[in-house]
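The values are calculated or read from the model by the stated rules, or taken from the named source; none is laboratory data. Computed from a predicted model, the values in this text were never measured in an experiment. Quick reminder, even Gly has a Cβ in these numbers, built from the backbone with ideal geometry, and neighbours come from all protein chains shown. For the accessible areas, the whole protein counts, side chains as well, though only heavy atoms, and no ligand, DNA or RNA atoms are used. Shrake-Rupley method; radii C 1.70, N 1.55, O 1.52, S 1.80 Å.
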Amino acid sequence: MTIKVHPFGDYAHRQPLAYDPIRRACMPMVTITDAFDAADIILLAHTKDLERHAETLFSRLAAHQRVVLLSEEPLWDCVWAKDPITRAQVFDTEAGSLPYVYLNHVTSDIYDFERIPYFLLTDYAYPTRYGCWFMENARLSQQDWVARFAGAKWDLAFVAEYRNEPRFDAAYPDAGIYGLGRWRTRLALACTGERLLRMGSGWNELPRRQTLPDWHLEKYLDLRGRCVVLSAVENTYHRAYITEKIFDSFAIGAMPLYVAGADHRINDLLPPGAFVNLYGLTPEAAAEQIARYTADPQGLSAYCEAQARLAALFNTPSLLCAEYDRLAQALTRNLAALI
């Protein structure tokens, strides 16, 4: 059986099947159709699109069609959704009730990766670049890293959007998900020093990353070897939500700042002590811990081991292929259950 999916709404470009590598992995079990009427599933990516287009969907939807809100971004779930932790929901319109299914990090197993987190599967460039960058880094010794850190321009760098509104603290503790956008902004504000870099939308006048031809490569080239510690704190906490940030920290040769509880999946990928863990701290307490941080031999040993692990991970094509297969099967299984 082939499931025909029609992406719908302003955020249709930000869901798993919008990315060519994932779309290819899902074929022929799941295919994209440009025709609304030909689809089995009408696919939304953001609760904003549900609110904007619910009336249209209600009027156009055929009896056999299903509406699915497939969210890849926990930040959107926490900040904008009224209920991001319930799978089967109903949206009330003036004409009647519109049933839909909410698939995200909490309500599905789609993002429960084996070895390579979901975000890195959205573009072939991520595993390709990391394979090269980590292989180069894995050749360096502890003393090499001591020398690299000593020659860095910045002791500490934050590269993230400025978000200090209370809504970015949104949390659903029972589901293990809560916002970190405001927390990491307050952390950046609490840190001081002459060799401190803060950059990103809201901090300066630089263009948003989405407007750059290749923001990921530019980030690497701008920061490689230029900072000792780099924040990799996510915008939202969930045990399986890991983006490019912590991998970028290792790639450019910086010690990452991260927030990870005991059950966080980053602990399956990296050895203990390979990053500065700020879990459970207030921004002020975290800033104090960062100010006291020094790269001691034990931490450097863990850091070198992490570089070796990442080099092996991203230079083993079978692991990447297996992760695409797992994701494709999970997506197909979750969508097939609805039709």
*FRET efficiency, D222 to I32 (Cβ-Cβ, R0 41 Å, nearest 0.05)*: 0.70
*Give the accessible area for Y124 in Å² (nearest 10); use a 1.4 Å probe, count only protein heavy atoms, and leave out ligands, DNA and RNA.*
110 Å²
*Kindly report, to the nearest 10 Å², the accessible surface of K48 as traced by a 1.4 Å probe over protein heavy atoms only.*
50 Å²
*Quote to one decimal, in nm, the extra length available between R60 and L189 on full extension: 0.36 nm per residue of separation minus the C-alpha distance between them.*
41.6 nm
*Compute the Cα gyration tensor for region 135-194, then decide on rounded, prolate or oblate, letting a ≥ b ≥ c be the square roots of its eigenvalues: rounded whenever a/c is under 1.5, prolate when a/b is larger than b/c in the other cases, and oblate in all that remain.*
oblate
*Cα gyration tensor, region 176-277 - rounded (a/c under 1.5), prolate or oblate*: rounded
*Probe 1.4 Å, all protein chains in place: accessible area of R24 in Å², nearest 10?*
150 Å²
*Given H placed on each backbone N at 1.01 Å, which residues far from L278 in sequence or on other chains put an amide H within less than 5 Å of it?*
Y258, V259, A260
_Need one word for region 279-321: rounded, prolate or oblate. Basis is the Cα gyration tensor (sqrt eigenvalues a ≥ b ≥ c); a/c below 1.5 gives rounded, then a/b vs b/c decides._
oblate
*What net charge do the residues around V30 carry, taking every other residue with its C-beta under 11 Å from that of V30, with Lys and Arg at +1 and Asp and Glu at -1?*
+3
_Signed unit charges on C-beta, dipole axis of region 190-312, positive-most listed residue A190, T282, N204_ = N204
*Report, in deg cm²/dmol and to the nearest 500, the calculated mean residue ellipticity at 222 nm for the chain, where each DSSP H run with n ≥ 4 adds -39500 (n - 2.57) and the sum is divided by the residue count.*
-11500 deg cm²/dmol
_Gaussian network model of the chain, springs between alpha carbon atoms under 10 Å - residue of R115, R239, R52 with greatest fluctuation_ = R52
*Where in region 30-50 does the label zone of S201 land, with the point 7 angstrom along Cα→C-beta and an amide N cut-off under 17 Å?*
46-49
*Could you rank F91, F149 by how accessible they are, 1.4 Å probe, largest area first?*
F91, F149
*How much area per residue is accessible in the chain when the probe is 1.4 Å and only protein heavy atoms are counted (Å²)?*
44 Å²
*Taking amide hydrogens as modeled 1.01 Å from N in the peptide plane, which residues meet the under 5 Å criterion relative to F91, leaving out close sequence neighbours?*
L98, Y100
_Explain nothing, just compute: Karplus ³J(HN,Hα) = 6.51 cos²θ - 1.76 cosθ + 1.60, θ = phi - 60°, for every residue of region 164-175 in order, whole Hz, x for Gly and Pro._
10, 7, x, 4, 7, 9, 3, 8, 10, x, 5, 9
*May I have the convex hull volume per residue, in Å³, for the Cα set of region 40-170?*
173 Å³
_Please report the antiparallel percentage of the DSSP beta bridges confined to the chain, to the nearest 5._
25 percent
*Nearest-20 debye value, the chain charge dipole, Cβ charges on Lys, Arg, Asp, Glu*: 500 debye
*asked:* Can you tell me which of N204, N104, N277 moves the most in a GNM of the chain? Springs connect C-alpha atoms under 10 Å apart.
replied: N204
*R23 versus V146, label points 7 Å from Cα toward the beta carbon: distance in nm?*
5.2 nm
_Proximal aspartates and glutamates to K48, defined as alpha-carbon separation beneath 15 angstrom and excluding residues fewer than eight positions away on the same chain_ = D10, E72, E73, D77, D83, D92
